[in-house]
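The values are calculated or read from the model by the stated rules, or taken from the named source; none is laboratory data. These numbers were taken from a predicted model, which means no experiment stands behind them. Cβ atoms come from the backbone with ideal geometry, glycine included; neighbour counts cover every protein chain shown. These accessible areas exclude ligands, DNA and RNA; they are computed on the full protein's heavy atoms, side chains included. Shrake-Rupley method; radii C 1.70, N 1.55, O 1.52, S 1.80 Å.
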Amino acid sequence: MRPSKRDELVRKALEVFYREGFHATGMDRLSEETGISKTTMFKHFRSKEELILAVLRLRDQDFRNWLFRRMEQAGAPQAQLLAMFDALAEWFSSPRFRSCMFIKAASEYPDPGHPIHAQAAEHKRLLCLQLSKLTAEAGARDSVQLARALLLLKEGAIVTAHMGHETDPAGDAKVVAAKLISDSLT
């Protein structure tokens, strides 16, 4: 099935916003980069913020589907938790890696009550829920605490990869994650 003009706009806008940032990218720039007229954009979205929210929803869906599929390939819950860091290493080594779109969104829209900030926070909440499920399945004494710690390691690895001052932030985080997981299961 051919994607709709709206879907095409959201996909193309995702690429531009991810590369350039939200505030730095105006509607004129989006029109130029996507090849979609501003009239068509405003036909589908009343504002740039509505478009950003649609982009974040798509990125959330795409990222979580990719990450969880990659993790599931590892098998047992404990292995899945560690596989998250292998998946991150793959992402970080991609020439298209530009850090986390949700960290960027929350930074550019710092008010926690702003819908864009809230959408970014929701992505992280959903990741933590999945990690909590896996840590419980792995038999962790305090599955929620372990999930939060693993999420912190994941986020720290993303920021470190973005900053570029370490050679293997995902591998470094995986070493710490393995220790945390081992300690929580004994």
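Overview of results
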item: Residue within the stretch 88-101 that is without any contact (Cβ under 8 Å) to a residue 24 or more places away in the chain, open to solvent by 60 Å² or more (accessible area, probe 1.4 Å) and within 29 Å of residue 185 (Cα to Cα) present; result: yes
item: Condition met for residue 69 (without any contact (Cβ under 8 Å) to a residue 40 or more places away in the chain, surrounded by fewer than 16 Cβ atoms within 10 Å (Cβ to Cβ) and not in a helix (DSSP H, G or I)); result: no
item: From the options 164, 171, residue that is within 16 Å of residue 88 (Cα to Cα) and at pLDDT below 95; result: 164
item: Inter-residue pairs, beta-carbon under 8 Å, first of a type in the set (Val, Ile, Thr) and in the stretch 121-148, second part of a helix (DSSP H, G or I) and open to solvent by 40 Å² or more (accessible area, probe 1.4 Å), 6+ apart; result: 135/144
item: Residue identified as in contact with a Pro (Cβ under 6 Å, 6 or more places away or on another chain) and crowded, with 17+ Cβ neighbours inside 10 Å among 177, 140, 161, 147; result: 161
item: From the options 143, 99, 132, residue that is farther than 30 Å from residue 47 by Cα, under 18 Å from the mean Cα position of the chain (by Cα) and among the hydroxyl-bearing types (Ser, Thr, Tyr); result: 132
item: Residue 56 in contact with a His (Cβ under 9 Å, 6 or more places away or on another chain), farther than 24 Å from residue 170 by Cα and modelled with pLDDT of 95 or more; result: no
item: Subset tally (residues that are in contact with a Lys or Arg (Cβ under 7 Å, 6 or more places away or on another chain) and in a loop (DSSP other than H, G, I, E, B)) for the stretch 37-57; result: 0
item: Residue match in the stretch 104-127 (condition: more than 24 Å from residue 23 (Cα to Cα), buried (at least 18 other Cβ atoms within 10 Å of the Cβ) and of a type outside the set (D, E, K, R)); result: yes
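This table checks each residue for (1) open to solvent by 40 Å² or more (accessible area, probe 1.4 Å); (2) among the aromatic types (Phe, Trp, Tyr); (3) in a helix (DSSP H, G or I).
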residue: 7; (1), (2), (3): yes, no, yes
residue: 15; (1), (2), (3): yes, no, yes
residue: 18; (1), (2), (3): no, yes, yes
residue: 25; (1), (2), (3): no, no, no
residue: 33; (1), (2), (3): yes, no, yes
residue: 59; (1), (2), (3): yes, no, yes
